[in-house]
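These notes are about the structure you will find just below.
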Amino acid sequence: MDTGTVLVIEDELPIRRFLKPSLQSEGFKVLEAVKGEEGLALASSHNPDIILLDLGLPDMDGLELVKRLREWASTPIIIITARGKEKDKIAGLDAGADDYLTKPFDVGELMARVRVALRHAERVKLGAKQDPVFETQDFKVDLAARVVTVRGKEVHLTPNEYDLLAFLVRHAGKVVTQKQILQEVWGPANGDQVQYLRIYVYQLRQKIETDPDRPRYIVTESGVGYRLKIE
Ligand code: CA
């Protein structure tokens, strides 16, 4: 069973001790680096399929490392960080990381994030187009026809609501920051219109979620952004 190579860049031994066997049991080959420079060297010499990166490294700011990796590599990067560091998470995602894991995290969460990031990268690499129909238990989005069906009934979305939903569908399973959504859906000048985004998310939940107050699909990633859940 060979599912790929993971590069773990993390100085905390307990985290590495948890990550390595967890990833190996899923069939991954694991490379480890304790320092940022070492991580950069391994990334360029071994071309891993995915990188798990701690933001607090002894020799380098993890954010700086994300930026340096992104100068030449499109390898998916998942940030590993402590709870309460929302600013760092956002900066990491905006610098080009794909997702994040908040310590402490469990194996299920780790593997789900890794699978989503790999699947996303694979699709980009193959130049494959998005499947035109996205379906969950409760709703269906036909991206080709621009038709949204909720529990069997077609619902009307405003153009902005539809564009927001389509953006989340294209990033299904991954976290997206408020800024990323605003800039890509409403244009580069709107990166800080957070209140605006909140209203559209609220409206979309009313139309799609069974219980809009406890959303099952369009979930808030506290202080960071949103994630369209697919599990
Ligand atoms: Ca650390």
Subtracting the Cα-Cα distance of N47 and V107 from 0.36 nm times their residue separation yields 19.2 nm
I want the antiparallel fraction of DSSP beta bridges within the range 4-125, as a percent rounded to 5.
5
Between E26 and D94, what length in nm is gained on full extension when 0.36 nm per residue of separation is reduced by their alpha carbon distance?
21.6 nm
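Nearest 0.05, what FRET efficiency do E64 and A145 give at R0 = 45 Å with Cβ-Cβ as r?
FRET efficiency, E64 to A145: 0.50.
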Using 7 Å Cα-to-Cβ label points, what is the R17/E86 separation (nm, one decimal)?
3.3
Relative packing of peptides 66-72, 208-214 - highest average C-beta neighbours within 10 Å first:
66-72, 208-214
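Per residue, how large is the accessible surface of the range 133-228? Use a 1.4 angstrom probe and give square angstrom.
Result: 51 Å² per residue.
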Among bridges DSSP assigns within the chain, what percent are antiparallel (round to 5)?
50
Taking the simple approach of a point 7 Å from Cα along Cα-to-Cβ for both E38 and S222, what is their distance in nm?
3.4
With every protein chain in place, the range 33-115: carbon and sulfur % of accessible area (1.4 Å):
49
Run the reach check for K140 against lysines, Cα to Cα strictly under 29 Å, same-chain hits fewer than 8 apart removed. What comes back?
K125, K129, K153, K174, K179, K207, K229
Under-5 Å amide H pairs with I50, H placed in peptide plane, nonlocal only:
T5, L7
Filtered hits (lysines, Cα-Cα < 21 Å from K20, offset >= 8 within chain) -> K29, K35, K103
Reported to the nearest 10 Å², H120 has, with a 1.4 Å probe, an accessible area equal to 30
Name the trypsin sites (Lys or Arg not before Pro) in the range 135-231 that are in a loop by DSSP and that have at most 16 other C-beta atoms within 10 Å, would you?
R146, R151, R216, K229
How large is the helix-only mean residue ellipticity at 222 nm for the chain, computed as the sum of -39500 (n - 2.57) over DSSP H runs with n ≥ 4, divided by its residue count, in deg cm²/dmol to the nearest 500?
-13000 deg cm²/dmol
In whole Hz, with x marking every Gly and Pro, tabulate ³J(HN,Hα) for the range 186-197 from phi via Karplus 6.51 cos²θ - 1.76 cosθ + 1.60, θ = phi - 60°.
10, x, x, 7, 9, x, 10, 7, 5, 4, 4, 4
Grab the Cα-Cα distance for N190 and R214, subtract it from 0.36 nm times how many residues apart they are, and report the gain in nm with one decimal.
5.9 nm
For the chain, the percent of all C-alpha pairs falling in each 5 Å bin, from 0 up to the bin holding the max distance, is 1, 6, 14, 18, 18, 16, 12, 9, 5, 2, 0, 0
Taking amide H positions as placed 1.01 Å from N in the peptide plane, with prolines and chain starts having none, which residues 5 or more places from L57, or on another chain, fall under 5 Å of its amide H?
G62
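The values are calculated or read from the model by the stated rules, or taken from the named source; none is laboratory data. Everything numeric in this text was worked out from a predicted model, so none of it was measured. Note that each Cβ is placed from the backbone with ideal geometry, even for glycine, and that neighbours are counted across all protein chains shown. Keep in mind that these areas ignore ligands, DNA and RNA; they rest on the heavy atoms of the full protein, side chains included. Shrake-Rupley method; radii C 1.70, N 1.55, O 1.52, S 1.80 Å.
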